[in-house]
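Bear in mind these aren't lab numbers, they're just calculated from the coordinates by the rules spelled out. Treat the numbers as computed from the prediction; the structure is a model and nothing was measured. Neighbour counts run over all protein chains shown; Cβ positions are idealised from the backbone, glycine included.
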């Protein structure tokens with residue numbers, strides 16, 4: 001049996017009349033980018049000094065396809081570590097409700113096809129500032145958004161979840177859709193997977209919840225007239241093939257399969273208007289042969305000018321439907 005797994009790069013399915021700011025750019029092939037990589041799961045090892053991007057549409061399609069096959073499912077050795085992680089990952093489950101993504105299954109002439117797609121467009125309640133002053137990110141000037149001067153409208157949906165100093169903090173934006181949140185963390189320790197970064201970020205958030213009960217350091221979690229925040233603008237639409245998943249073999253119900261193609265496209269926007277995450281997938285099976293805290297109060301300059309972590313998720317779930325380690329300026333808008 002030959003198994004074809006594709007995250008298709010077809011056009012966005014968003015309805016007509018959507019805001020211009022939420023339109024994704026033309027698709028770029030990952031091979032044309034030197035400093036960015038995709039991972040199929042949060043558990044995949046990540047490289048140093050690269051942007052790392054994750055979205056679970058591939059996992060939604062793969063799980064649905066496996067459910068369509070006859071059990072039991074068995075990986076045929078030798079197999080790649082990436083293929084094993086794909087089949088054992090649980091960190092994508094419940095990241096979106098069933099009515100928040102599309103799954104279509106078609107069985108015809110011995111071929112099982114599965115299509116998975118989601119798009120989450122999350123505008124802010126109030127448009128943030130498009131800042132005139134760029135951020136100097138690794139010696140490169142990039143466009144940014146945020147709050148240079150205090151505005152009470154902005155802090156209604158911007159919250160500090162953890163703060164140690166200006167190089168170690170967690171900030172969240174709450175979009176109009178109250179069931180979702182956009183979290184940015186700066187100053188996480190170097191880790192080997194996005195899942196490890198997620199766990200580290202959640203530990204800081206837990207620490208922040210405890211700290212907010214202490215009146216003498218409550219200032220850390222208040223955004224005042226002396227504070228500001230600035231975030232690089234990010235926009236991309238990227239496709240790639242998972243070469244370490246292609247041609248891997250498994251059995252289901254005593255029938256042998258081989259993964260013929262593994263292809264993914266993920267689009268993302270983060271700017272003064274809000275965030276957009278889009279990903280889609282097709283899967284087809286075909287018969288064939290923390291440290292000491294600061295206590296001195298000071299203005300907070302929450303500037304994402306070095307490596308940071310972006311997570312977008314439902315508020316009622318731990319597992320995200322988008323995660324990205326932002327390590328360099330390759331996907332930012334240069335000034």
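Points to keep in mind about this one:
- At R0 = 51 Å, FRET efficiency that the Cβ-Cβ distance of residue 255 and residue 20 yields, to 0.05: 0.55
- Potential extension, residue 176-residue 191 segment - 0.36 nm per residue separation minus Cα distance: 2.2 nm
- Fewest-first ranking of 324, 197, using other Cβ atoms within 10 Å as the exposure measure: 197, 324
- With helices as the sole contributors, the chain gives -3500 deg cm²/dmol at 222 nm; each DSSP H run of n ≥ 4 counts as -39500 (n - 2.57), and the sum is divided by every residue.
- Order of 265, 325, 314, 297 - criterion: other Cβ atoms within 10 Å of each residue's Cβ, fewest first: 297, 314, 325, 265
- The range 170-279 pair-distance distribution - Cα-Cα, 10 Å bins, rounded %: 10, 25, 32, 17, 11, 5, 1
- Relative exposure of 223, 155, judged by other C-beta atoms within 10 Å (fewest first): 155, 223
- The range 73-222: relative contact order in percent, alpha carbon pairs under 8 Å with at least 6 residues between: 14
- Label-to-label distance for residue 133 and residue 76 is 6.2 nm, based on points extended 7 Å past Cα in the beta-carbon direction.
- At full extension, residue 67 and residue 32 could sit 9.1 nm farther apart than now, given 0.36 nm per residue minus the alpha carbon distance.
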